[in-house]
Structure formats: structure tokens, C-alpha cells
Ligand code: B12
Ligand code: B12
């Protein structure tokens, strides 16, 4: 079963609460979680994904600099040979309250497979990832 | 000096607080006030204006039925010989929050000389009336 | 006939009904047996009485909006929105002002003009004109219990139609729906009309259908001293109980000072039960309602939210059984359904955050309760004396004598001699107690409290304080300080 | 060099300054004498210290937003809006996250991209990049005092530039701007960096320019037990005082239970003064700040208003000197200026309605204060012991030993052993006190309190409670009850 994920909060972001909760919730749901915590660079995400042979990278960004911090992550994954790795991003990923559709479009254009808005509960993330990783329906 | 006014709350409206305050404030400002209180019919306004030889009628409506209650007041004044009597209306004169400009237009079309929105403080009403009655500038 | 506080005998009541139902064609739709059968089918979770009793048991505070528009479908849409988007626990149907004055012809004009103009031309739902069928369309479309809220001095026909129409609670009373809502209605008459309403509810009760009754607590909503509104609420509870009402919600309009408000709600509950007990009414169920600030609101919506939330906090801390919710549009006009739901959601959030909390008790709260209880006793005892034991007659005499006196009331049957003003902490006191039968100790207390404020403000005690206080909350504070 | 809690001698400080100012070109703009002269010209009503002292004297609660955008003109427009439309008493300048980590190059990129895209690409105002002149453009354009608010472990250059730039207050501390805001910053380093900042303020103070300092009270903002944040605030006040700071605002993030919150603010003020006194710091001016709920907010704006208003009520009832205000956009992102002003106006309305009121005192409040005081003493005494009398060294050792421990902190220098959860009334207690040096009586108290809740919820004590509590307020209640 594909269940290995790398989790972390990108950039200079220190919002630790959601990360700790996601770690707990994904582990509880049967995933093998490599949690990098907060203030994680793109390079650290990629290294960890290679090392753990991950199926997905889950990037959190809360503090507003998500757009700057995420630029180029997909390209770097490609270069590192993580060809079709799933990339999710979630949290408060832009500065301010912006229409979610536009934000989603911008991040999808950057190469993210799924984009989650503020306050998405873990159930939703978990269901989505199970689907994308072709877990059998319960 | 033209300073005689008739004051009252029109229709089935029982909002008494503003009326009592207006009575106090206009009297204090040097007007001679005939206060009819609440639940005043168009006929009562007109009778009182004739009897007291009033210079202006100040109609309050708070409860939302102002538009129904005020229809035809100007015409009845004309018929009663109160040819150019000043007609003011103020309070929460329509149902709900509506753009003030439109409301003002509708009430001016009904023959009111001035229309005051919700929560207008007495100073403003008094200044306007003094101007319309040509009181000497202070 | 002579007004007395005695349960109407059934024949007399049934005779009266014949007259009442003739006042407008829809009266003919009311068939009491059929209505009882209809009410008996309404499930528990849609009944006011069971919801309130549940909340009482669990120490919860329920939330309820005010809302009413002229047309049936629009009204259903509105109430559905409030139960879904507003998370309302209890629903209202606010009646328009023409209906309140039995001007059904004018209400009809309002319905027609609302249809043609596409704008609401009435400030509420004209239930009598819509009749029993119209009311049932409303009450059956919703998941939550629905109450009739109005301000009708003579609500006999309205009560007949709405109870047959599936409403399970009816607001009002012979004093509280007269003095603040009418100019020329004699108290004898309105007390009699409300004996009718209470007798009707008592009849339903006798047949096993329990209907909630709620005297209107806040009266004129503007600086009403707690003892005045509590005295009226207790009287109306007693009058209702005599006619057979069993489930009563006594109400109070937030004054603004936390300690005074909590004390008032607690005293209200205690004294209502004590007086009901004293006069021998058994098996009574008494709940309480706090109305968020009923006086002038700030026009700014953010500030209006603040007033709403502070009222919610007080309701929760006082552990009122329910709270009546204002909206961010309050100062401007009848709210949109969105604004109404927003007021409810804000209220719900506060109530839930405070659900498990209580105010710190202490001496100041005890003292405030003692003051309110003593004042209320003074008024009630004197009222009973004036009626020579008959409460209904006592009420008429008490208003005539200024023994009960409501500030800013439009009614000519109200003495209008008292003048309330806030003290230095914002509690509502008497600047002038008029002819209220308070004892010297109490009068001295009020005098001292008002003087403290005057000293703090470096001005003399005067009517200007009252005016300043009337505007204060709408201008962004509680006590109307100079400049 | 060895970290000790001793006032830096002037030469050492001046040497350090040379290095610090080189970190970014704008450092060269700082001329200390010229800065002193510039500060001396700032009138009283634009100075933090005088506003706070005035509020302390009059028992008032001032209101202050958070706000910062990348570009100077936009930032001025924003703050002007907040002082006019928001009725703010005190103004902030919130610094962006790159600057907070001394990544001035990235901040520069953010400035450029904000200019070209027309969107704010930074989450705050990059004051270092804008330099002394840029800061003065901001502070001189406003009528109210302006404070630097950030979260910067190494804020030395930021302090130099902003104080020279006309700011009259500086938030932060070696613990409070490290543990919640950094992952890898050793406490030795950040304590040292903040001695620098405090020494700089002390230098201004010595020259007659009084600058307010404010340790960041709420830490991670999420279920931080009062004794933890109070202990940190008191330590930072002591460390600041040693370097010559005279005017300190100690802070606390609302937990949500009224009695606990009022008790915490009162205990904080008392103990700060007592400890300052015990260590011989004279002529200290101590004010307090309450932060409206700092954890996850509800996304719905009406509910967010409710959280804001309840925080305001607590600030007023606790008589905090100021309150830091959230906005109805909190859950979604950096607020628009309109949303920010709305939060302020709601807060102002609550504060003013409660300005003249106090909470009813009583046993429960007394007891809660006694608990917080005793816990805080336990932590502080053990910290001093570990430092063998030196507070700075004690802090490093205390964090290592888990004697001070902040829940949900990102820092690897934080033990992360404690687990907070709410009790049945919503007060924050220890589900697991980790290695905090609480005595058995206190531990038993917490255990009892958590057990009460578990019993009421018919479930065992578990980590699920903590998770439920983390989400509770954003889901519309205080205590995270099951289902
Ligand atoms: C207190 C109050 C009541 C009390 C009134 C007690 C009494 N007898 O006086 C009670 C609870 C009984 C009540 C009842 C009702 N009310 Co009412 N009430 C209010 C409230 C909260 C305050 C009114 C007040 O006293 N303000 C303080 C005084 C000083 O201000 P004012 O009345 O606005 O008057 C000032 C100015 O408007 C101006 N002004 C007034 N008239 C005029 C005229 C002229 C010519 C000029 C120049 C100026 C001027 O000067 C006055 C002095 O400063 C308002 C909402 C608000 N404003 O916050 C609703 C409000 C007026 N009520 C309303 C309604 C609908 C009702 C009810 C139908 C239903 C109900 N909610 O129960 C009944 C109506 C009964 C009836 N037949 O009239 C609506 C009206 C809606 C609309 N127009 O769209 C309002 C706006 C609330 C709302 N948003 O829904 N109400
Ligand atoms: C607590 C908090 C803080 C604490 C953080 C303590 C800590 N170290 O953890 C403190 C006070 C230190 C702080 C600091 C700052 N904060 Co802050 N903070 C918050 C707050 C109030 C709650 C965050 C939280 O813990 N939520 C609870 C957890 C459980 O939810 P969550 O974090 O949203 O995560 C959940 C979901 O989003 C989702 N999720 C998250 N990531 C991902 C990823 C994937 C792939 C998926 C599928 C799902 C997912 O699942 C999580 C679990 O349910 C939020 C606003 C809010 N949400 O109410 C602001 C907020 C995130 N902060 C903000 C800002 C700007 C800052 C600061 C820059 C400035 C400041 N205000 O001081 C600094 C940043 C410092 C830095 N370098 O990062 C902004 C971000 C603005 C934006 N994006 O436009 C917010 C939105 C507040 C606001 N409206 O201004 N903050």
C-alpha cells in the first residue's frame, strides 16, 4: 500500500500547531509520516522524500509567504528524480483573504496536485490522499 | 419669528423615546412645540397645525410603515389650506436598510421638504429648521 | 363586566370566543377540537415547552431571533434561513404593527402592496389575515418550535388563529403589550383581553396541550429599572397562572451593567416562583429570557455586534433559559435574513464559549439582588393592597397611582413620573422615583448612587443625564458622560 | 562570551553596535545622538510611555491592532485608517517574517514583487529594509504612538533602526520571541540578543527618552497555561529591568475562562511588581496587556466578532491597560484595513460599555489567583536555583530541564512535555505537567480538575481532549466536548 508521506511547514513559517495535529491525524489514519516540523526548506522536503521513498509531500504554509516559498518546488522535485510525486499544499497559503478559486489556480499552475484552503479539517485531507493513492474504499 | 411647530409620530407607531427627546430639544432651542406624541393620524397633524398656526409639521416614523402612513399628507395639507407649510419627516421611515438617496427621493416626491435618516441627532434637525424658517444666523 | 383575577368559567369563555372569531373572516377557520388534534400531532422537538424544559434541566441558554415579513413564502424562507444559517434554537414570528392594532384592513393593503411592489411594506407577518392555514404552512415548514411575538393590546383573535395554526408559544400580557405599545388602551380592557388569551392557553393545557406563555419583559426597552419590569413580569405570570397557564417564561431587557443584569435575572426567577407559590399555583414551570439591549443601537455594524455579544455574555453568565437576539442592522431597519443570521451566530458563539462558566459570586451581586428583590416587593405589596387583594384591579389602581410606572411609555394610562438614569458603574437607578412605593432606605440608596455619578462627572443631577444615557449605547458607551 | 544577567557596560555595548549596524546597508543610517534628538522632539501624546501611564492612572483600557504591509505608503494609509476609522488608541507596525529571521534579501524580493504584482507579498512591514528614513515617514505621519510588533529572535538591527525611526515601543524578548517563533535558535543567543535590545532601550532611558518594552505574553497562543506565560513575562521584565528598561508592559493571551483570565492578569501585575521590587529595580512602571484569543479562530465573521468581543470584555473586566485586537478575518488571512478597523470598533464599544464596571470579586477569583501565583512562584524559584542566582543562565537551564515548557512550541530548545487541556469550566489546566516543578498539591488540583471534565464527558482522560480543545473555539465553543 502506498502510504508514505513527508509532512512539514515550508519557509520561515513557525506555525507548529496544525503540523502537530496533522502528524497525529495522518499517523492515526494509517500513514507512515516523516514529519519535518516547521521552517522546512524545499531542499529538506526533497531530501526527506528521497530518503523515505515517499508517495506524497504535504506542504503547509500558514504565515502568508506560501506563494514565494513554494515557487519552483515541483521543478526541483523533477530534477531530483521525484517524477510523479504527489504534491499537496494547504493552510493560509497566501497573504490575506483571497478568492479560493484563484489561489488554487495559481498553486496548481506551480505544480501542486491539490490545494487546501484555510481550516480544512484532517478528515478531508486524509480522504483526498487515500483517493489519490488508490487506497481501497472502506 | 417663525417658531411654531407641530411634532408627532405618525400612524400606528408607538416609539415614544425619540419623540420625547425631540420635544425637549426643540423647546430648548427656542421653538414653540405642540407635541402630539405617538400614534398620530394625518388629520390630527393637520388640525393641530391649523389650531396653532404652525410654521412646520415634523413627522416621525420609526416602525417601518412610514411610507404607507405618509401617503397623501401633503395633499390633505393643501386641501386644508396649509398651503406652504414645511413638512419634515424623519426616523426609520421605511422597512429595512435601504439606500438613503432613494428613500429621500420617494418622500420628497410625496411632498416632504426635508427627509432625515435614522439616528439624526437633534442638532442637525434644529439647524435645518432654523435655516428653512430664516432665523438670523447666530 | 367587572375585572377580577379569577379563572374564567368555561361558558363565559366560550361565549366570548363567538364574538372574537367574528372580527375577521379567517376567525371562522378556527375549530378548537380540530386545533387540539392538530397540536397533538406536533412532535416534542418542535414544541416550545419541551425545548425550554430541556434547557432548564441542562442549564443551557437557547437563542431566538425576531423576524417576520408580510408574505407566507418569504416568511418561510426567512425562518428556514435563521434555523439553518443562524443556528437558532427557537423561532419567532413577529407580527406587523397593523395587526397589532387589529387594523386587518390596513394589513391587507400591506400584503397587496408588498406583492405588487416586491418590497416588504409591513414590518411583520400579518398572521390573522393569513389565517389558520397560512400559519400552519409556516409552522409545519420548520424544524424548530415557533412562537408568536408581537405587541398587541387585544390579541384574542391572533391567539386563536396562531395556536390553531401550530404555534407553541405566545408572547405578551395585559400590561406589557399595552403600556409600551399603545396610547389609548385602558388597562381594564387589555387585562381582560389577556385573561382571554391566557384562558385559551389554559384550555389547551387542560386538554393536555402545553403552550408556553411569555410576558414581554423589556417594556419600553429604554432604561427600565429592573424592579419595574420584574414587578410587571411577576404580575403577568400570576394573572396567567390563574387562567390555567402552566409554562411561563419571564423576561428582562438587559440594562448593561453585568452585576445588575445577573442580579435582576436571578431575582426575577426566584421571586416569580415565590409569588406563584404564595398564591397557590402548583406545578408551574418557570424559565427566564434575557433580551439583548432593547434601546437605541449604534448604526455601525461592528459596534452593533459588540452590543449583541455583550448581551449574549450576560445571558450566559446569568444562565437565562433563552436570549432574544438583536442584529447588526438594528439601528437602521428591519434586518435582512443574512444580518439576522449573523447576529444569531455571534450570539451562539458567545453562549457556547460561556456555556460552562459562571460569574464569580460575591457580596456585590448579593447586595444588588437584595435591592431588586426589596424594590419589587414594595411595588407588588402596594399593588395588591390597592386591589384589596385582587391583583387585576390592583394593577389598574397601581398604574393610576404611579405605583407602577414605566419610563418613556406612550400610554396615557402610565403616570410617567419616574426618571431613570445610570449610576457611576452604569447600573440603572432612579434619578426620580416618582410615586413608586419604595421605602426611605431604598430611595436614599438611589439618591446616593446618582449623586456619586454626578460628583464623578462634576455636574449637578439633572434631566440632561437621562438624555445622555438614552443616547449613550448608540454613541459607543454605557454611561452618558458629559462632552 | 558567558551569558549573565548583568547590565552591559557601555563600551561593550558600543562595540557590539558597530557589528550589528553592518548587517544591512540601512544600519549606516543610525546615528544615536541624532536619534535621541529626533525622539526628544516627539510630543507626549505620540509616546507610548505617556499614553500608557495616563491609562494606568485613569484605570482605562486602550485598544491596539496588529497591522503591517510591505510598502511605506500603503502602510501609512493602513495605519491612518486604523486610527481614524478604527478609533485605535495605540498603533502597531507588524514586521514581516523574513525580516524576523534577518533574511533582508528575501524581504527585498518581497518588496519588489509587491511593487510589481500590486499585491502584498510579505506578511508585514520590512522595517530594516525601509531604514530609518522609511520608519520616520511612517511614525511622523500618524497621530497616535506606534510600536514595533514582530517575533524576531535577533532583533538588534531592527531595534536600532526602528527606535531611531521614531517608534516609542518595542515588543519581544529573548524567550517569547524565540520559543514560539524559531526552531533552531539557542536560548543563550536570543537572551544575549535581547540584552542588546534592552540595553539600547536602557541607553535611551539614561538619556531621558523613555521607551516602552513589552515581552510577548501569549507565546504560542494555544492553550498556554497562565503560570507558564506569566513566569516568562516576569523573567523578561526582570532581564529588561537589569539593562535599564523602566517602562514595561507585561502581557497575557486570553485563555477563555473569565475567572481564570481575570485572575491571571491580576496575578501577573502583582507578581511582576513584587519580583522587580525583590531584585531591587526601582521606579519601574508596569502596565498590562491582554491579547484577545490567540489560537485558531472561527472562519465565520459573525463568530469571529463574538470571539473578539468576549476578549474585549475580559480585558475591560480585568482592567488591563491595553488590549490587542483581532479581526473578523483572523482565520482566513492578513486582514483588510476595513476588517481590521471593524475589529477595533467592536472592541472599543465593548471596552467603553464596560469601562465603569468591575467583575464581582469573590472566593473563586481569589482561589484562582492563589493557584496561579503559587505555580508561577514554583517555576521562578526553580529557575533561579538552576541558574545559581543568575536569572539568564537559569532560563537556559530551566528550558533544558523542562522547568519552563511551552505547549505547541516549534523550538527544539523547548522540552515539549507538558500537555494542557481545559477543565469542565473551560479553564486551562495541565493534563500532563511534564517536568514543571509544581508541588504535589498543585498537581493534585490539576488532576482533579481534568478528571471532573472527563467524568462529565463520560470519557477517559486522553490526548483527544487536547486536540478537541485546539479546535474548540474555531468550531464554536470553548471546551472541546466529544461528538
Ligand atoms: C426602543 C425600541 C422599541 C421599543 C419602543 C418603546 C416605546 N414605546 O418608545 C419597543 C420595544 C416597544 C419597540 C417596538 C417595536 N419596534 Co422598535 N425599536 C426600538 C429601538 C431599539 C430604539 C428606538 C429609540 O428609542 N431610539 C432612541 C431615540 C432617541 O432615537 P430615535 O427614535 O431614532 O429618534 C431620533 C432620530 O431618529 C430623530 N428623529 C426621529 N423622528 C424624527 C422626525 C424628524 C422630522 C426629524 C428631523 C428627526 C427625527 O431624532 C430623534 C431624537 O434624536 C429601534 C432601533 C434603534 N434605533 O436602535 C427599534 C425600531 C425602531 N423598532 C422597530 C420595529 C419594527 C418595532 C416593532 C414593529 C416590532 C418589534 N421589534 O417589536 C414594534 C413597533 C410597535 C409600534 N406599533 O410602533 C424597527 C423599525 C424597522 C424599520 N423601520 O425598518 C427598529 C428600527 C428596529 C429594527 N431594526 O428592526 N421598539
Ligand atoms: C496560533 C497562531 C500563531 C502563533 C503560532 C504559534 C506556533 N509556533 O505554532 C504565533 C502567535 C506565534 C503566530 C505568529 C505569526 N502569525 Co499566526 N496565527 C495563529 C493562528 C491564530 C492559529 C493557527 C493555528 O494554530 N491553528 C490551529 C491549527 C490546528 O490549524 P491550522 O494551523 O490552520 O492547520 C490546519 C489546516 O489549515 C490544515 N492544514 C494546514 N496545513 C496543511 C497542509 C496540507 C497539505 C493540508 C492538506 C492541510 C493543511 O490542517 C491543519 C490541521 O487541522 C492563525 C489564524 C487562525 N487560523 O485562526 C494565525 C495566522 C496563521 N498567523 C498569521 C501571521 C501573519 C503570523 C505572523 C507573521 C505575524 C503575527 N501575527 O505575529 C507570525 C508568523 C511567524 C512565523 N515566522 O511563522 C496569519 C497568516 C496570514 C496570511 N496567510 O494571510 C494568520 C492567518 C492570522 C491572520 N489572519 O493574520 N501565529
How many residues are within 14 Å of chain C (Cβ to nearest Cβ) and over 20 Å from residue C:411 (Cα atoms) if we restrict to region B:23-51? 5
Which of the helices (runs of 4 or more DSSP H) found entirely inside region C:64-121 contain at least 2 residues meeting this: farther than 30 Å from residue C:312 by Cβ and away from ligand 1 (no atom under 13 Å from the Cβ)? C:72-84, C:104-117
Tally the residues that are within 19 Å of residue D:351 (Cα to Cα) and touching a residue at least 60 places away in the same chain (Cβ under 8 Å), restricting the search to region C:427-483. 10
Those residues of region D:1-26 which are farther than 26 Å from residue D:247 by Cβ and at pLDDT 95 or above amount to D:15, D:18, D:19, D:22, D:23, D:24, D:25, D:26
Members of region D:193-211 found to be surrounded by fewer than 19 Cβ atoms within 10 Å (Cβ to Cβ) and in a helix (DSSP H, G or I), listed by number: D:206
Regarding region D:205-217, can at least one residue be identified that is within 14 Å of chain A (Cβ to nearest Cβ) and touching a strand residue (DSSP E or B) at 6+ places or on another chain (Cβ under 8 Å)? yes
Looking at region C:258-268, is at least one residue crowded, with 24+ Cβ neighbours inside 10 Å and under 26 Å from residue D:327 (Cα atoms)? yes
Picked from region D:140-174 (must be touching a residue at least 40 places away in the same chain (Cβ under 8 Å), within 25 Å of residue D:54 (Cβ to Cβ) and over 19 Å from the mean Cα position of the chain (by Cα)), the residue farthest from ligand 2 (Cβ to nearest atom) is D:143
Residues that are surrounded by fewer than 23 Cβ atoms within 10 Å (Cβ to Cβ) and at positive phi, drawn from region C:420-444: C:434
Flag if residue C:429 is within 16 Å of ligand 1 (Cβ to nearest atom), outside the structural domain of residue C:57 (by TED's automatic domain parsing) and in contact with a strand residue (DSSP E or B) (Cβ under 8 Å, 6 or more places away or on another chain): no
Scan region B:112-138 and report the pairs whose first residue is under 18 Å from residue C:298 (Cβ atoms) and whose second residue is assigned to a helix (DSSP H, G or I), with Cβ atoms within less than 6 Å and a gap of 6+ or a chain change. B:117/B:100; B:122/B:25
Quick check on region C:311-329: of everything there that is within 15 Å of ligand 1 (Cβ to nearest atom) and buried (at least 24 other Cβ atoms within 10 Å of the Cβ), which residue is nearest to residue D:309 (Cα to Cα)? C:311
Applying the selection to region D:218-232, what residues are within 10 Å of ligand 2 (Cβ to nearest atom) and away from every other protein chain (no Cβ under 11 Å)? D:218, D:219, D:224
Given (1) assigned to a loop (DSSP other than H, G, I, E, B); (2) within 14 Å of chain D (Cβ to nearest Cβ); (3) surrounded by 21 or more Cβ atoms within 10 Å (Cβ to Cβ), number of the condition residue C:481 does not satisfy: (3)
Go through C:71, C:52 for me and flag whichever is surrounded by 17 or more Cβ atoms within 10 Å (Cβ to Cβ) and touching a strand residue (DSSP E or B) at 6+ places or on another chain (Cβ under 7 Å). C:52
Can you say whether residue D:23 is within 17 Å of residue D:204 (Cβ to Cβ) and in the same structural domain as residue D:197 (by TED's automatic domain parsing), as far as the supplied structure shows? no
Any residue that is within 16 Å of ligand 1 (Cβ to nearest atom) and either within 14 Å of another protein chain (Cβ to nearest Cβ) or at pLDDT below 95 (or both) - is there at least one of those in region C:256-263? yes
Suppose we keep only residues that are within 12 Å of ligand 2 (Cβ to nearest atom) and at pLDDT 95 or above within region A:41-68. Which one would you say is farthest from residue A:12 (Cα to Cα)? A:56
Which numbered condition residue D:406 misses (of (1) in a helix (DSSP H, G or I); (2) in contact with a helix residue (DSSP H, G or I) (Cβ under 7 Å, 6 or more places away or on another chain); (3) away from chain C (no Cβ under 14 Å)): (1)
Restricting the search to region D:239-255, which residues are more than 14 Å from every other protein chain (Cβ to nearest Cβ) and crowded, with 24+ Cβ neighbours inside 10 Å? D:240, D:241, D:245, D:247, D:248, D:249, D:250, D:251, D:252
Yes or no: residue D:133 away from chain A (no Cβ under 14 Å), surrounded by fewer than 24 Cβ atoms within 10 Å (Cβ to Cβ) and over 20 Å from the mean Cα position of the chain (by Cα)? yes
Here are D:374, D:368, D:385: which of them is within 14 Å of another protein chain (Cβ to nearest Cβ) and in a helix (DSSP H, G or I)? D:368
Search result, residues across region B:104-134 that are in a helix (DSSP H, G or I), under 13 Å from the mean Cα position of the chain (by Cα) and closer than 19 Å to residue B:27 by Cβ: B:122, B:125, B:126, B:128, B:129
Taking region B:1-22 only, how many residues are within 9 Å of ligand 1 (Cβ to nearest atom) and within 12 Å of chain C (Cβ to nearest Cβ)? 13
Being within 16 Å of ligand 2 (Cβ to nearest atom) and over 22 Å from residue D:310 (Cα atoms) narrows D:430, D:463 down to just D:463
Flag if residue B:91 is surrounded by 19 or more Cβ atoms within 10 Å (Cβ to Cβ), within 14 Å of another protein chain (Cβ to nearest Cβ) and modelled with pLDDT of 95 or more: yes
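The values are calculated or read from the model by the stated rules, or taken from the named source; none is laboratory data. Source: prediction; values computed, not measured. Glycine also receives a Cβ, built like all others from the backbone with ideal geometry; neighbour counts cover every protein chain displayed.
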